[in-house]
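**Q** Structure incoming, see below.
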Amino acid sequence: IDFAYHVHTDIGHRCRGARVNGKLVPLYQDLKTGDQVEILTAKRGGPSRDWLNPNLGLVKTQRARSKIKAWFKKQEDEQNLAQGRAALERELQRLGIATVNFEKMARELGFKLPEEMFISLGCGDLSVNKVIRQIAETVETADILQATIPAQETRPSTDAVEVVGLKGLLSTVARCCNPMPGDQIVGYITRGRGATIHRQDCPNILRSKDTERLLQVDWGKVERTFPVHITVKAYDRQGLMGDISTLLQGEGVNIADVSVNYNRTVADIKLVIEIRDLAQLSRVLTRIESLPNVLEAQRTKPG
C-alpha cells in the first residue's frame, strides 16, 4: 500500500492487491530492493479504514497514512456539505425565503466560503437556527415579511406612548400635527379625554397659554408586526386547534385569520398570524411541528 501511494495517490486509493515477482502477495508484504511489483487496482472506490489500524501493520509510512486520512475527510466533508446545505435550504423553504446570498452569509458567520458553512452545518458545529437568526439580524424584516400596517394608516397607536409619571392615563394622537415615532412630543391634558399627544413644534402647542396642562411624554417601544400566511397539516384530533392557539398565545402571536379544510383524517389549517421578525416565525413553526399529530408547518403565499 505504501508503494502504491508512492507511485500515485489515486493508485493508492484504488489498490486492492499486489503481485511481487509474479506472485500474489498480501497487502502487508514487505518489499525488498530489486522486487518487481504490480499493483492491482479497482476501477472505483477508495481506501479501507482498516489500513489505518496499526495492529494490522498494512501502512507504515506517514505519507501514505496522511493521504488515506485526507481521503476520508474529503468524503465526510462532501457528505456534511450536502446534508448541511439541504437542511438550510429546507428551513429557508419552510420560511418562504426564496433567495439568500450564501457568500455574504458565510462571511458574516466567520467562514471564507459557503461550502465551509454548509460543512459546519452538516457536522453539527453550526445550527440552522443560528443562520436564521443571522439572516434576521442582517436583512430588513420588511424585505422578508409584508407589513401589517395598512397603507392608509399614518398614525401610530397610542399604546406606543408613555406618559411619564402618569402611567395608564388615556391618551390620543393629535390630528393637527400627527406625530410619528421619532418626533419630539408633548402631552396636553384635555377636559374629559385624558391627554392628546402633539409634536413639540405643533403651532397649537406653541400658541397655548395653559402651560400647566402640558405633560412630559415619550415614545414607548414600538413593535411592528407583519401578517404571515402559514399552513399546518396534521392528523385531525380533538383539541388540535386549541393547542395551536395556546402555543401562539404563549409566543405573543395574534391570529388574524384561520380556516380549516379536511381531507379524510388530515386537517389542512391555514392561518394568518402577526409576526415580529423571521426568528420568531422560525421558532413558531418549529414549535407547532412539535405538537402531537402535526405533520408539517410552513409559510405559504397569500391566497
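Laboratory data are not the source of any read-out in this text; all were calculated from the coordinates shown. Keep in mind that this is a model prediction, so the values were computed, not measured. Cβ sites come from the backbone with ideal geometry, for glycine too, and all protein chains shown count toward neighbours.
**Q** How many angstrom lie between the Cα centre of the stretch 231-289 and the Cα centre of the stretch 23-68?
**A** The distance from the Cα centre of the stretch 231-289 to that of the stretch 23-68 comes to 59 Å.
**Q** Once the piece of chain linking Glu78 and Arg191 is laid out straight, how much longer is it, given 0.36 nm per residue of separation minus the C-alpha distance between them?
**A** 33.4 nm is the gain from fully extending Glu78 to Arg191.
**Q** Sorted by average packing, counted as other Cβ atoms within 10 angstrom per residue and highest first, what order do 291-297, 117-123 take?
**A** Going from most to least packed, we get 117-123, 291-297.
**Q** What's the magnitude of the charge dipole for the chain around its Cα centre, counting Lys and Arg as +1 and Asp and Glu as -1 at the beta-carbon? Answer in Debye, nearest 20.
**A** Working: 43 positive and 37 negative charges, 157 e Å.
With Lys and Arg at +1 and Asp and Glu at -1, about 760 debye.
**Q** With 24 Å as the limit, write out which pairs from Lys67/Lys130; Lys32/Lys74; Lys23/Lys73; Lys43/Lys69; Lys233/Lys301 have Cα-Cα distances beyond it, or answer none.
**A** In this structure, Lys67/Lys130; Lys32/Lys74; Lys23/Lys73 exceed 24 Å between Cα atoms.
**Q** May I ask which residue of Pro26, Thr211, Thr99 lies farthest towards the positive end of the charge dipole of the chain, with charges of +1 (Lys, Arg) and -1 (Asp, Glu) on Cβ and the Cα centre as origin?
**A** The Cα lying farthest towards the positive end belongs to Pro26.
**Q** Turning to a different aspect of this structure: Work out the FRET efficiency for Leu295 and Lys112 from their Cβ-Cβ distance, taking R0 = 35 Å, and round it to the nearest 0.05.
**A** 0.35
**Q** If you don't mind, there's one more thing I want to ask. Of Gln280, Gln75, Gln83, which is the most mobile in a GNM of the chain whose springs link Cα atoms less than 10 angstrom apart?
**A** Gln75
**Q** Label points 7 Å out from Cα along the Cβ direction at Lys130 and Gln62: separation in nm?
**A** Placing both labels 7 Å beyond Cα along the Cβ direction yields 3.3 nm.
**Q** Let me ask another. Tell me, which longest segment in the chain has none of the trypsin sites (Lys or Arg not before Pro) that fall in DSSP loops with at most 10 further Cβ atoms within 10 Å?
**A** My reading of the result: 45-111 is the longest stretch.
**Q** With Kirkwood radius over Cα pairs in Å defined as stated, name the option among [x] 20.5; [y] 19.7; [z] 25.7 computed from the structure displayed.
**A** [z]
**Q** Using 7 Å Cα-to-Cβ label points, what is the Leu170/Val25 separation (nm, one decimal)?
**A** For the pair Leu170/Val25, the computed spacing is 10.1 nm.
**Q** Hey, what number do you get for the chain at 222 nm if only DSSP H runs of n ≥ 4 count, each worth -39500 (n - 2.57), divided across all residues, to the nearest 500? Each step should come with its number before you reach the end.
**A** Details: 10 runs with 104 residues, N = 303.
-10000 deg cm²/dmol, from helical runs alone.
**Q** Could you work out the relative contact order of the chain, using alpha carbon pairs under 8 angstrom and six or more residues apart, expressed as a whole percent?
**A** For the chain, the relative contact order is 13 percent.
**Q** Rounded to the nearest 20 debye, what is the charge dipole size of the stretch 75-139 about its Cα centre when +1 sits on each Lys and Arg Cβ and -1 on each Asp and Glu Cβ?
**A** 300
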